[in-house]
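Below: one structure, written as structure tokens.
Throughout, read-outs are computed from the coordinates displayed, never taken from laboratory work. Worth saying up front: this structure is predicted, and the values here are computed from it rather than measured. Note that we place each Cβ from the backbone using ideal geometry, even for glycine, and neighbour counts take in every protein chain shown.
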Amino acid sequence: MFQPIVNIEDAQTLAQAIVNTITEPFLVLDEQFRVLAASRSFYNTFEVDPQQTQGSLLYALGDGQWDIPALRLLLETIIPAKTAMDDFEVEHDFPQIGRRTMLLNARKVLYDHSPAITILLAFNDITARRIIEREKEELLGRTE
């Protein structure tokens, strides 16, 4: 039989375990776009320090490297209107890891008993796929 988690600390422990289990970079943001939680994959992929990330404004991470116009568009315009977005493509040059093309999936979470809003943000790095697609197009262009 299903037993709901009634203890807030247990619910938070479960939520953090879920975030850490996700293999793609993943963020949990509050309504002001401050980082509430991040997956280990996020820290490893984007080479950011967990202690400098937790509680920080997303756009301020890594000395402002996350202040990306397309990301702002997604979070500040699209998500408030739609509550969800899948495969939103963002391309950005990160100082530590270079140019990346990512598909972002975002969800706005509304709660029944709280006015708080949480935003879930998942990143799928498709840089390698885009490079292969460009190379394929170049090869096909040469054969025509």
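Things to note:
- LEU57 being under 19 Å from ARG100 (Cα atoms) and among the aliphatic types (A, V, I, L, M): no
- Inspection of segment 103-118 identifies no residue that is without any contact (Cβ under 8 Å) to a residue 60 or more places away in the chain and touching a Gly at 6+ places or on another chain (Cβ under 8 Å).
- Those strands (runs of 3 or more DSSP E) lying entirely in segment 43-144 with at least 2 residues surrounded by 14 or more Cβ atoms within 10 Å (Cβ to Cβ) and in contact with a Phe, Trp or Tyr (Cβ under 8 Å, 6 or more places away or on another chain): 98-110, 117-125
- Check on ARG40, farther than 18 Å from GLN16 by Cα and of a type outside the set (A, V, I, L, M, F, W, C): no
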